[in-house]
1. Only one of these conditions is not met by residue 269: (1) in a strand (DSSP E or B); (2) more than 20 Å from the chain's Cα centre (by Cα). Which number is it?
2. Which number in (1) on the phi > 0 side of the Ramachandran plot; (2) free of Cβ contacts under 8 Å to residues at least 24 places away in the same chain marks the one condition that residue 118 misses?
3. Looking only at residues that are closer than 26 Å to residue 109 by Cβ and of a type in the set (Lys, Arg) in the stretch 297-354, which one is surrounded by the most Cβ atoms within 10 Å (Cβ to Cβ)?
4. Could you tell me which residue of the stretch 99-142 is surrounded by the most Cβ atoms within 10 Å (Cβ to Cβ), considering only residues that are polar (S, T, N, Q) and farther than 15 Å from residue 44 by Cα?
5. So if I check each of 150, 91, which one is more than 14 Å from the chain's Cα centre (by Cα) and among the polar types (S, T, N, Q)?
6. Take the stretch 168-190 and flag every residue that is closer than 22 Å to residue 267 by Cα and surrounded by fewer than 24 Cβ atoms within 10 Å (Cβ to Cβ).
7. Any residue that is surrounded by fewer than 15 Cβ atoms within 10 Å (Cβ to Cβ), farther than 17 Å from residue 229 by Cα and among the polar types (S, T, N, Q) - is there at least one of those in the stretch 269-278?
8. Please find, within the stretch 85-98, the residue that is farthest from residue 119 (Cα to Cα) out of those that are surrounded by fewer than 24 Cβ atoms within 10 Å (Cβ to Cβ) and out of contact with any strand residue (DSSP E or B) (no Cβ under 8 Å at 6 or more places or on another chain).
Amino acid sequence: MRFGLLFWAFTVAGTQTLAAAEALPCLTPNDNCVERLPVKDGWIRIFSTHPLRGDGLNVPSAGAPVAAQAPRRALVMVHGAQRNGDGYFGTALAAAASQGQLLDTVIVAPSFKGIDGSLCRDTVEDGELVFGCQAWNAGFAAVNSELKATSFDAVDRILQLLGDRQRFPNLKSIVVAGHSGGGQFVQRYAAANHAETRLHIPVRYVVANPSSYVYLNDARLRPEASCTQDGICTGGFGPYWDRNNCSGYNKYRYGLEGLSGYIATLTVGTIRRQYVKRDVTYLLGDLDTLQDSDLDKSCAAQAQGPNRRERGLIFWNYMRAEFQAGHQIVVVPRCGHNAACMFTSQTGARVLFP
């Protein structure tokens with residue numbers, strides 16, 4: 001289904017660009033749209049419709065002023081556990097095309113490489129930052145960075161470049177979105193980042209179907225209780241009932257104890273205050289209820305609910321009950337654990353492009 005959507009997206013783009021042929025964005029989910037993004041003492045690959053630095057590798061019109069293209073919105077799309085930035089770049093292109101926003105949007109998809117024994121072993125180039133297989137989605141440092149460059153630092157840099165008025169003078173909004181492992185990344189990044197406070201552009205965060213969330217205190221839903229998207233729970237929140245058998249249930253990445261990596265630069269109080277105020281939407285697949293092999297089944301994750309959909313419903317209700325957060329929730333009908341379904345459905349695409 002994804003390739004059909006991409007073919008359609010590029011066809012739509014081709015007809016739209018006739019009126020703006022002097023400033024074509026890059027619309028192919030391959031190395032044609034790759035740029036190297038420096039992050040401290042290394043770099044990461046990003047797939048981008050527009051050159052962010054003006055000296056991109058293999059990016060058509062990299063020397064042309066982006067100001068001439070005048071995009072008004074930006075979408076930063078974070079990949080999942082397979083670390084396939086190209087695939088998520090393609091999904092983001094299809095979502096933008098479905099809403100007629102291809103020519104009006106800067107789309108950026110970072111690619112975080114992973115090496116961790118036999119668990120994952122991506123091919124990397126000289127100087128390219130590499131992370132543990134799952135360390136990137138919690139903002140931990142790259143294993144080959146003496147300066148402790150983290151995946152969150154990389155997105156900080158992307159937001160900083162998008163906020164450059166000389167290159168993107170008409171940009172009015174930025175969305176940072178991710179699915180599955182990328183959803184974990186975006187939820188934790190929304191809680192931890194200090195880049196948003198330095199921007200003149202509002203940022204929204206779209207958290208789609210993560211396996212787990214970072215909770216802001218030690219409260220969890222009472223046993224046997226459940227919650228709905230209407231804001232109703234059959235039980236309250238309190239200290240985790242099985243905490244004696246799950247000592248790590250509130251340690252970072254599941255809670256705010258034992259902070260490490262990027263997030264450790266902030267106090268717990270600061271994290272709580274800024275996350276509550278941030279513009280966050282939880283995007284949940286109505287059918288994402290399976291106990292599949294990629295679902296986090298640790299006791300710390302099980303403390304948050306039995307499956308991804310329930311964990312999302314519970315967490316949104318938790319943020320309302322414990323912190324009166326104004327976060328949003330959207331359930332996508334007929335979608336399971338599938339990024340293309342979540343983001344290219346009319347429901348999901350409208351969350352990205354309201």
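The values are calculated or read from the model by the stated rules, or taken from the named source; none is laboratory data. Values in this document were obtained by computation on a predicted structure and should not be read as measured data. As a convention, Cβ positions derive from the backbone with ideal geometry for all residues, glycine included, and neighbour counts pool all protein chains shown.
1. (1)
2. (1)
3. By that ranking, first place goes to 308.
4. Pass one, the stretch 99-142, residues polar (S, T, N, Q): 99, 101, 105, 111, 118, 123, 134, 137.
Within this subset, residues satisfying the condition of being farther than 15 Å from residue 44 by Cα are 99, 101, 105, 118, 134.
On the way: 99: 16, 101: 19, 105: 26, 118: 5, 134: 18.
Filtering first and then ranking leaves 105.
5. Numbers: 91 fails: more than 14 Å from the chain's Cα centre (by Cα).
Being more than 14 Å from the chain's Cα centre (by Cα) and among the polar types (S, T, N, Q) holds for just one of 150, 91, which is 150.
6. Of all residues in the stretch 168-190, those closer than 22 Å to residue 267 by Cα come to 184-190.
Hit for the stretch 168-190 is 190, nothing else.
7. Restricting attention to the stretch 269-278, the residues satisfying the condition of being surrounded by fewer than 15 Cβ atoms within 10 Å (Cβ to Cβ) are 269-270, 273, 277.
Pick out the ones that are also farther than 17 Å from residue 229 by Cα and you get 269-270, 273, 277.
Okay, now just the ones that are also among the polar types (S, T, N, Q), so 270.
Yes, some residue in the stretch 269-278 is surrounded by fewer than 15 Cβ atoms within 10 Å (Cβ to Cβ), farther than 17 Å from residue 229 by Cα and among the polar types (S, T, N, Q).
8. Within the stretch 85-98, the subset surrounded by fewer than 24 Cβ atoms within 10 Å (Cβ to Cβ) is 86-87, 98.
Narrowing the set further to residues that are out of contact with any strand residue (DSSP E or B) (no Cβ under 8 Å at 6 or more places or on another chain) leaves 87, 98.
On the way: 87: 21, 98: 36 Å.
Among those residues, the one meeting the criterion is 98.
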